[in-house]
Amino acid sequence: SEIAITDVDGVTLDATSLPAGLTISGGGINRMFRISNGANVTLRSLTLSGGNINHPDSGGAIYNINSTLTLERCTFVSNTASATFGGALHNIGNGNHTVTITRCTFTGNSAIYGGAISCDGGPMQLNHCTIAGNSAITVAGTGGGIYNINGSIQVNNTIVANNTAPLF
């Protein structure tokens, strides 16, 4: 099952000292992290793969709700939100918490809305990332790479390429 994080004082999971980082798998049946209640979380040098979440929940690997999230040098691969938002990451923000994503790769993720990332509220910042080969699924699918509902997303030196969506 998923790891729930609600600690406002801060939680850091840092695998930079490991030569290949650390891989956490959802095994195709679980999401890895649910972050909520104003938590402050930093994840470094992780590979999150095989996360899966079904309706009505969102975020195949990470579901971030009104919390500060920092992702550095992480890889998100083959995560799915099969009936909802954010194949790898779904963020619901109230404007008081920031999601900062730096030097991360998102590939092979899928969801109906936002194959890799879905942002419902923000702000969110992407720095030096690659978002490629993700897909919005079903005929209603939008945002093959990124789907922004009500948030503000700043994209800096980031590659967004070869993502697919039936609508846009």
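Summary of computed values
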{"quantity": "Full-extension gain in nm, residue 7 to residue 138, via 0.36 nm per residue minus C-alpha separation", "calculated": "43.5 nm"}
{"quantity": "Potential extension, residue 94-residue 149 segment - 0.36 nm per residue separation minus Cα distance", "calculated": "18.6 nm"}
{"quantity": "Gained length - residue 127 relative to residue 30, 0.36 nm times residue gap less alpha-carbon distance", "calculated": "32.2 nm"}
{"quantity": "Long-range HN-HN contacts of residue 47 with modeled amide H, under 5 Å", "calculated": "22, 23, 24, 75"}
{"quantity": "Overall form of region 41-138 per C-alpha gyration tensor (a/c, 1.5; a/b vs b/c)", "calculated": "oblate"}
{"quantity": "Virtual spin-label span in nm between residue 42 and residue 162, 7 Å along Cα→Cβ", "calculated": "3.3"}
{"quantity": "Anisotropy class of region 15-87 from Cα gyration tensor, a/c 1.5 cut", "calculated": "oblate"}
{"quantity": "Three-way shape label, region 50-96, alpha-carbon gyration tensor, a/c 1.5", "calculated": "oblate"}
{"quantity": "Mean accessible surface per residue for the chain, computed with a 1.4 Å probe while every protein chain stays in place, in Å²", "calculated": "42"}
{"quantity": "Candidate values [x] 14.0, 43; [y] 26.3, 79; [z] 16.3, 49, label of the one derived for Rg and Dmax of the Cα atoms in Å", "calculated": "[x]"}
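The values are calculated or read from the model by the stated rules, or taken from the named source; none is laboratory data. The shown structure was predicted, so the numbers you read here are calculated from the model rather than taken from an experiment. Here Cβ is always computed from backbone atoms with ideal geometry, including for glycine, and neighbour counts include all displayed protein chains. Note: areas computed on protein heavy atoms with side chains; ligands, DNA, RNA excluded. Shrake-Rupley method; radii C 1.70, N 1.55, O 1.52, S 1.80 Å.
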